[in-house]
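Trainee: Below is one structure. I have some questions about it.
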Amino acid sequence: LGERGQLCSGEQLLVLGAAGGTGIAAIQVGKLLGARVVAAASTEEKRSFAASFGADATVDYTKPDWRDALKDATGGHGPDVIFDPVGGEVSLQAFRSIAWNGRHVVVGFAAGQIPALPFNLPLLKGGLLIGVDAAQIARREPEAQARVMTQLSAWLNDGRLTPVVGKVFAFEDFRAAFTTMQTRAAIGKMVVRIG
């Protein structure tokens, strides 16, 4: 969010998939960077969960008019930065709502579909689409990796950033873990305990 998305204090951050492991982390990091955070999640339980970790507002992205709710939640401004581990139609609609000079940070495709972004949208919004493949950062950008890890470690050590474990599955129950993940029923980070 800081290194690639250039999220600044006072900006508005939209977190898609806000109740998942990366979403909850993004909410916390966004707040630590001084952003106002809008959490998007599919159920009231997930939205309440996101709010309990610092989200300033929540929206239900399963509703047809969710972009209107997002507009209201951002005071008509739209999000300056979008954190997107979801993909699919939700990603496309989120980009359509981005503020002028906004940054859409793509980290995954939990919905299973990779959206096709019409090139006129970045033009009309002055927006940037930024891909973040965490697996490649250490090799391709070791200085950036070091900066991020130093900051995250400091926040973890002083208790300002808290890893959120949702449900722990025994190794024998890995099928149930996959079902939970596939049905998007997970809240927080899922863990499969080995041994």
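Trainee: May I ask you to derive the FRET efficiency for ASP68 and THR179 from their Cβ-Cβ distance with R0 = 41 Å, giving the value to the nearest 0.05?
Mentor: Taking R0 as 41 Å, the efficiency between ASP68 and THR179 is 0.75.
Trainee: Within region 164-181, list the residues whose amide N lies under 17 Å from a label point set 7 Å along Cα→Cβ of GLU45.
Mentor: Answer for region 164-181: 165-169, 176-181.
Trainee: Roughly speaking, to the nearest percent, how much of region 51-195's 1.4 Å accessible area is carbon and sulfur?
Mentor: On the way: 5100 of 8830 Å².
That share works out to 58 percent.
Trainee: Determine the gain in length on full extension of the stretch ARG96-PHE109; use 0.36 nm per residue of separation and subtract their C-alpha separation, reporting nm with one decimal.
Mentor: Length difference between fully extended and current span is 2.9 nm.
Trainee: Right, another one. Pop a pseudo-label 7 angstrom from the Cα along the beta-carbon direction at both ARG140 and SER153 and give the gap in nm to one decimal.
Mentor: Output for this residue pair reads 2.4 nm.
Trainee: Over all alpha-carbon pairs of the chain, lay out the pair-distance distribution in 5 Å bins, whole %, shortest bin first.
Mentor: Reading the bins upward from 0: 1, 8, 16, 20, 21, 16, 11, 5, 2, 0, 0.
Trainee: Then there's this: Report the Rg/Rh value for region 1-116, based on alpha-carbon coordinates and the Kirkwood definition of Rh.
Mentor: 0.91
Trainee: With every protein chain present, what is the per residue accessible area of the chain (1.4 Å probe, Å²)? It would help to have the intermediate numbers written out before the result.
Mentor: On the way: 10480 Å² over 195 residues.
Ligands and nucleic acids excluded, the figure is 54 Å² per residue.
Trainee: Would you please put 55-61, 42-48 in order of how densely packed they are, using the mean number of other Cβ atoms within 10 angstrom per residue and starting with the highest?
Mentor: Packing proxy ranking, top to bottom: 55-61, 42-48.
Trainee: Further question on the same structure: Over region 104-161, what portion of Cα pair distances is larger than 17 Å, expressed as a whole percent?
Mentor: Summing the P(r) tail past 17 Å for region 104-161 gives 60 percent.
Trainee: Give, as a single signed number, the net charge of other residues whose beta carbon lies under 12 Å from the beta carbon of THR74, with Lys and Arg counted +1 and Asp and Glu -1.
Mentor: On the way: positive: ARG36, ARG67, LYS71; negative: GLU11, ASP56, ASP68, ASP72, ASP80.
It works out to a net charge of -2.
Trainee: Divide by every residue of the chain the summed helix terms, -39500 (n - 2.57) for each DSSP H run of at least 4, and state the resulting mean residue ellipticity at 222 nm, rounded to the nearest 500 deg cm²/dmol.
Mentor: -11000 deg cm²/dmol
Trainee: Taking H as built 1.01 Å from N, whose amide H comes closer than 5 Å to the amide H of LEU128, not counting residues under 5 places away?
Mentor: Here the answer is GLY102, ARG103, HIS104, since their amide H atoms fall under 5 Å of that of LEU128.
Trainee: To continue, here is another question. Only Cα pairs under 8 Å and at least 6 apart count here; give the relative contact order of the chain as a rounded whole percent. Please list the in-between numbers first.
Mentor: Details: 367 pairs, mean separation 37.6, N = 195.
Answer for the chain is 19 percent.
Trainee: Convert each backbone phi in region 174-181 into a coupling constant with the Karplus relation 6.51 cos²θ - 1.76 cosθ + 1.60 (shift: θ = phi - 60°), then list the ³J(HN,Hα) values in order as whole Hz, x for Gly and Pro.
Mentor: Karplus-based 3J(HN,Hα) across region 174-181 equals 4, 5, 5, 5, 5, 4, 4, 5 Hz.
The values are calculated or read from the model by the stated rules, or taken from the named source; none is laboratory data. Owing to the predicted nature of the structure, the values given are computational and were not obtained by experimental measurement. Here the Cβ is made from the backbone with ideal geometry for all residues, glycine too, and neighbour counts use every protein chain on show. Remember, those area values only see protein heavy atoms, side chains included, never the ligands or the DNA or RNA. Shrake-Rupley method; radii C 1.70, N 1.55, O 1.52, S 1.80 Å.
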